[in-house]
């Protein structure tokens, strides 16, 4: 058996997230069907991150175990040929048989994108949250700095989470502005359900001046989802990369 | 009466081009309807460029003549509110009453975008033509250089053109590559029907080595559409700006 690691990009607009579910089309399902078409048998596709409905990816990771001797290059082309253009495998690599894409992940990087202008360029509309009122990125960065490190992120986690522990480590958060676009880049060891979208929604309030940066520290310490702010929309979020 | 110049961006994916036609939704029609909703009367929207079906824009220009005393800022917001997210007015300016967006245009810049890689990132799929085989941008630029200047571009014009003269001036063509993306940037005084897409289709053949750069000069001199190569797909083309 060969274990193959797939790096997958997708436009999440038309999908109910990564993970398979009944009565909704998910990315995992489309990839699984394409893999079946190529290898002519049921093969489990094991993903690294359960991205929410509408969330995008450049660097989702998944593995398949196959017996075929097809070259990795041919596998990319063959699976892609069975998928719509909004999902693309762009890298592929052989990994040891005991490699698990979720458990072996050391760091994940997500970006939350906000267009802060009087209008949203049509070409960016699917990949950014639009905010007309001016946001102060210096304040947002100051607020974000309180989240760096190992913390209990219960305040920044959907109450629908199924995780036993809500302790996670954020290695870095950068809030940068390029032209009219603000990007909140977050790198951590793992993330809770809706965690980055709740962080984004809270930092937006800091950017507006409705919260001061130190409020983020207070919210974190309360361990109460009610203290943080709204979950920012899914379409602004992209899973950038997973490191092992 | 006030004459107002609108600068309009759109994702052309779902439109049959700019110009109004029967049995098809066009950008002009959507803008005209939104203008009517704002000012509560029929107002003619005069566009600068008749972009083809599927072609995108950052800097389409159109004018309207109005009697309203609404500020330009409020006009942008009001018209945008009546349009879908894939069309956005992003600048607005008062102009003299005799200003005509098409006749007064001095220079137009278009970009033709090609992703040249083994895969097309989903997030770029609507705005780029995908070519798997490696293109040589140095050869493409050498071929493009023959087109700079005032020439009869009959070879690079759809036979369906309605123009009397096929003489146009290209001020500059730049072929540049950034990561996996090749952009052919063309600035000229005006363009014929399908002209940039036929230029792109021909330069692609040069990039593949099926034509040599000097063949572009020969094709130009023949004044025969049959001599040039295929019209490249609409989705790779974007109207960037119009200068007056």
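Screening residue A:42 on (1) away from chain B (no Cβ under 14 Å); (2) in contact with a strand residue (DSSP E or B) (Cβ under 9 Å, 6 or more places away or on another chain); (3) surrounded by fewer than 19 Cβ atoms within 10 Å (Cβ to Cβ); (4) not in a helix (DSSP H, G or I) shows it passes everything except condition (2). Looking only at residues in the range A:7-17 that are part of a loop (DSSP other than H, G, I, E, B) and within 14 Å of chain B (Cβ to nearest Cβ), the one that is surrounded by the fewest Cβ atoms within 10 Å (Cβ to Cβ) is A:15. Is it the case, given these coordinates, that residue B:25 is under 21 Å from residue B:76 (Cα atoms), free of Cβ contacts under 8 Å to residues at least 24 places away in the same chain, surrounded by fewer than 20 Cβ atoms within 10 Å (Cβ to Cβ) and in contact with a helix residue (DSSP H, G or I) (Cβ under 8 Å, 6 or more places away or on another chain)? Here the answer is no, as residue B:25 does not meet what is asked.
In this structure, is residue A:82 in contact with a helix residue (DSSP H, G or I) (Cβ under 8 Å, 6 or more places away or on another chain), crowded, with 16+ Cβ neighbours inside 10 Å and within 14 Å of chain B (Cβ to nearest Cβ)? When the stated conditions are applied, residue A:82 does not pass them. The number of residues in the range A:53-75 that are under 27 Å from residue B:132 (Cβ atoms) and in a loop (DSSP other than H, G, I, E, B) comes to 4.
Within the range A:194-220, the set of residues being over 14 Å from residue A:144 (Cβ atoms), without any contact (Cβ under 8 Å) to a residue 60 or more places away in the chain and either within 22 Å of the chain's Cα centre (by Cα) or part of a helix (DSSP H, G or I) (or both) comprises just one member, A:218. Only one entry of B:50, B:88 meets the criterion of being within 14 Å of chain A (Cβ to nearest Cβ) and either in contact with a helix residue (DSSP H, G or I) (Cβ under 8 Å, 6 or more places away or on another chain) or not in a helix (DSSP H, G or I) (or both), and that entry is B:88. Only residues that are surrounded by 15 or more Cβ atoms within 10 Å (Cβ to Cβ) and over 15 Å from residue A:219 (Cβ atoms) were counted in the range A:140-157, giving 1.
Each value in this text was obtained by applying a stated rule to the coordinates, not by laboratory testing. Since this is a predicted model, take the numbers as computed values, not measurements. For neighbour counting, all protein chains shown are included, and Cβ atoms are generated from backbone atoms with ideal geometry for every residue, glycine included.
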